[in-house]
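Notes for the one structure printed next.
The values are calculated or read from the model by the stated rules, or taken from the named source; none is laboratory data. Owing to the predicted nature of the structure, the values given are computational and were not obtained by experimental measurement. Cβ sites come from the backbone with ideal geometry, for glycine too, and all protein chains shown count toward neighbours.
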Amino acid sequence: MALNLSQKKEVVAELAGVAATAHSLVAAEYAGTTVEQMTAMRKKARESGVYLRVVKNTLASRAVAGTEFEVVKDALVGPLLYAFSTEEPGAAGRLIKEFAKGNDKLKAKVVSVEGKLLPAEHVDVLASLPTREQALAMLARVLAEPATMFARVVKAVADQQGGGEVAAEAPAEAEPA
């Protein structure tokens, strides 16, 4: 369905708003993907904080102009699906990687993070980034480690001192008997 000028402007404005606040972008070739696969991918995208959209490349180019994703403009060739991570940087990469396993027609073509255009193979690196919860758990472990080590040292010292006093008192009790 062809869009009129006002509809195109709305699409560009919506996409530009998403691009302005997104953490990463993965553009993937999707030709040959079934309707059922696309529906499942859209559902998973909503659940994982990924803005997923199929738009003409000229509209996408206009939308990313002035954002950190402007570096991808020259790489937007062919029918592409755009996945913007809106909540955490690795979400779009995980989504595309997960659905590419079951669909050899879905292939990452462009990856962009922090104003850098990366090769399509970097979708694996992007997908391996920890989720927000995983990153917070790692940070909590790092912050708790010194306190845990200190507690172990204090306990070990207390155990040694306690053990030394018992050993010193034992012979004294043995003499009167």
Give me the strands (runs of 3 or more DSSP E) completely within region 1-90, filtered to those with at least 1 residues that are farther than 20 Å from ALA127 by Cβ, at pLDDT 90 or above and in contact with a strand residue (DSSP E or B) (Cβ under 8 Å, 6 or more places away or on another chain), ordered by residue number. 50-54
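Return the residue satisfying two criteria in turn: it lies in region 17-32 and is within 20 Å of ALA75 (Cβ to Cβ) and surrounded by fewer than 18 Cβ atoms within 10 Å (Cβ to Cβ), and of such residues it is farthest from the chain's Cα centre (by Cα).
ALA31
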Quickly run through region 42-71 and pick out the residues that are over 14 Å from SER85 (Cβ atoms) and touching a Ser or Thr at 6+ places or on another chain (Cβ under 8 Å). VAL71
Sole miss for THR39 among (1) in contact (Cβ under 8 Å) with a residue 24 or more places away in the chain; (2) closer than 26 Å to ALA100 by Cβ; (3) surrounded by fewer than 19 Cβ atoms within 10 Å (Cβ to Cβ) is condition (1)
Cβ pairs under 9 Å, 6+ apart, first in region 126-143 and more than 14 Å from GLY93 (Cα to Cα), second surrounded by 11 or more Cβ atoms within 10 Å (Cβ to Cβ) and acidic (Asp, Glu): ARG132/GLU87; ARG132/GLU88; ALA135/GLU88
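If a residue has to be part of a strand (DSSP E or B) and either on the phi > 0 side of the Ramachandran plot or crowded, with 22+ Cβ neighbours inside 10 Å (or both) to count, how many in region 91-114 make the cut? Full working, then the answer.
Of region 91-114, the ones part of a strand (DSSP E or B) are 107-113.
Imposing the further condition that a residue be either on the phi > 0 side of the Ramachandran plot or crowded, with 22+ Cβ neighbours inside 10 Å (or both) reduces the set to 108, 110-113.
Looking only at that region, the number is 5.
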